[in-house]
Amino acid sequence: MWTFFKEALGGIVSHGAVMPSTSFLAKDMLRPVDMKKGVVIVELGAGTGSFTKEILKRLPSDGKLVVLELNPILASHLKARIVDPRVIIVEGDAGKLGSYLKSFGYDRVDYIISGLPIGNFRRVVRERILSEINNNLSDTGRYIQFQYFLASWRHVRSVFDAKIIAYEVRNVPPAFVYECKKRIDFSLKKR
Ligand SMILES: C[S@@+](CC[C@H](N)C(=O)[O-])C[C@H]1O[C@@H](n2cnc3c(N)ncnc32)[C@H](O)[C@@H]1O
């Protein structure tokens, strides 16, 4: 909690929160996830690992979780705390998701769970990340994103078939959860 708080104060735009998410929100985020045999999950913007912990409780023994966290302090904190053969933790940028996945031998993944503050990002950063998510999600996969405000909703809907599946009032602050499906015909050039 203290690590999160210090890092949050240092970079409020990239962080987008001053408190780690609650287990209530983590449960809402994971409700659409089918923890089937061999499932491959990506977590973007893991912070201190509130979702990571919940994903690992449910992940089957042959499942894989690739975690990306941009902040070096938070990434090393995660690496020190989470030692699990099912997990790869990367200090890295969600905007380069595809190249990380390729380097680990993954093509498309089943689920992308995101705590990124996409509503705070500049357009170019947001579009890059949404496009990487779209390109690296399997056709039947799901991208699940939480947000405190709906500022990003229209941007997300312009790329994905999206619906709001929860508004978690027990989180601090309360948060919306988006469940998004890939739009096979999507191309940034068409918009
Ligand atoms: C709102 S916090 C969420 C943390 C955690 N998932 C939770 O819900 O408690 C957002 C996290 O995204 C990370 N982040 C911001 N931009 C990123 C990027 N481009 N790639 C990867 N992580 C990023 C921040 O460092 C921060 O830890």
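The values are calculated or read from the model by the stated rules, or taken from the named source; none is laboratory data. These figures come from a predicted structure and were not determined experimentally. Methodologically, a virtual Cβ is constructed for each residue, glycine included, from the backbone with ideal geometry; neighbour enumeration extends over all protein chains shown. Each accessible area value is taken on the protein alone, full model and side chains, heavy atoms only, with ligands, DNA and RNA left out. Shrake-Rupley method; radii C 1.70, N 1.55, O 1.52, S 1.80 Å.
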### Query
Among the listed residues 152, 158, which satisfies the condition of being open to solvent by less than 20 Å² (accessible area, probe 1.4 Å), in contact with a Lys or Arg (Cβ under 8 Å, 6 or more places away or on another chain), over 23 Å from residue 34 (Cβ atoms) and in contact (Cβ under 8 Å) with a residue 24 or more places away in the chain?
152
### Query
What pairs come up if the first residue lies in region 69-82 and is part of a strand (DSSP E or B), the second is acidic (Asp, Glu), and their beta carbons are under 8 Å apart, counting only those six or more places apart or on different chains?
69/91
### Task
Kindly indicate whether any position in region 94-103 is part of a strand (DSSP E or B) and under 25 Å from residue 22 (Cα atoms).
no
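If you check residue 182 against the conditions, is it modelled with pLDDT under 95 and within 17 Å of the chain's Cα centre (by Cα)? Explain how you work it out, then say what you get.
Details: modelled with pLDDT under 95: yes; within 17 Å of the chain's Cα centre (by Cα): yes.
Yes: the conditions hold for residue 182.
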### Query
Do we find a residue being under 27 Å from residue 37 (Cα atoms) and out of contact with any helix residue (DSSP H, G or I) (no Cβ under 8 Å at 6 or more places or on another chain) anywhere in region 107-128?
yes
### Summary
Given the conditions (1) more than 9 Å from the ligand (Cβ to nearest atom); (2) touching a Phe, Trp or Tyr at 6+ places or on another chain (Cβ under 6 Å); (3) β-branched (Val, Ile, Thr), every one holds for residue 48 apart from (1)
### Query
Out of (1) in contact with a Phe, Trp or Tyr (Cβ under 9 Å, 6 or more places away or on another chain); (2) open to solvent by less than 40 Å² (accessible area, probe 1.4 Å), the odd one out for residue 121 is which?
(1)
### Task
Could you please let me know if residue 67 is over 20 Å from residue 178 (Cα atoms) and open to solvent by less than 30 Å² (accessible area, probe 1.4 Å)?
no
